[in-house]
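Read the figures in this text as sums done on the coordinates, not as results from a lab. Being a predicted model, the structure only gives us computed values, none of them experimental. Cβ: placed from backbone, ideal geometry, glycine included. Neighbour counts: every protein chain shown.
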Amino acid sequence: MVLVKKVIPTSDGWLLITFDNGEQKFVDIKPHMKGILEKLKDPEFFKQVFVDLELETVSWPGELDLDPDNLYKQGINTRIIKNLFYFLSDENTAGKITYDQNDRRERA
């Protein structure tokens with residue numbers, strides 16, 4: 001089980017979360033914005049996110065919280081994003097990526 005140590009709201013329903021194992025992940029919260037969590041669609045309310053120190057997970061006012069294990073599983077590790085950024089910014093590889101419209105997959 002992983003626990004949340006720090007959370008930073010970013011734009012458009014994403015959170016940057018630091019877990020107790022030291023990993024940082026970007027997590028898209030938009031798929032969770034249903035039912036009682038629909039309140040999170042309000043950008044001002046979304047920005048009120050905090051780490052519940054008792055539960056050690058992401059929370060919002062009104063006892064709205066999300067399971068830290070699910071957040072961890074759904075998140076994109078920041079190291080992957082960093083590596084992708086470097087790959088795409090490299091002049092030798094970025095120009096070699098093409099899009100095949102027949103099978104809708106990118107090819108390098």
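Restricting attention to the stretch 66-78, the residues being crowded, with 17+ Cβ neighbours inside 10 Å and either not in a helix (DSSP H, G or I) or not aliphatic (A, V, I, L, M) (or both) number 4.
One line per residue, one yes/no per condition, for (1) in a loop (DSSP other than H, G, I, E, B); (2) among the charged types (D, E, K, R):
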{"position": "V2", "(1), (2)": "yes, no"}
{"position": "I8", "(1), (2)": "no, no"}
{"position": "D12", "(1), (2)": "yes, yes"}
{"position": "G22", "(1), (2)": "yes, no"}
{"position": "K25", "(1), (2)": "no, yes"}
{"position": "Q48", "(1), (2)": "yes, no"}
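Within the stretch 7-40, the set of residues being of a type outside the set (A, V, I, L, M, F, W, C), on the phi < 0 side of the Ramachandran plot and under 13 Å from the mean Cα position of the chain (by Cα) comprises P9, T10, S11, T18, E23, Q24, K25, D28, K30, P31, H32.
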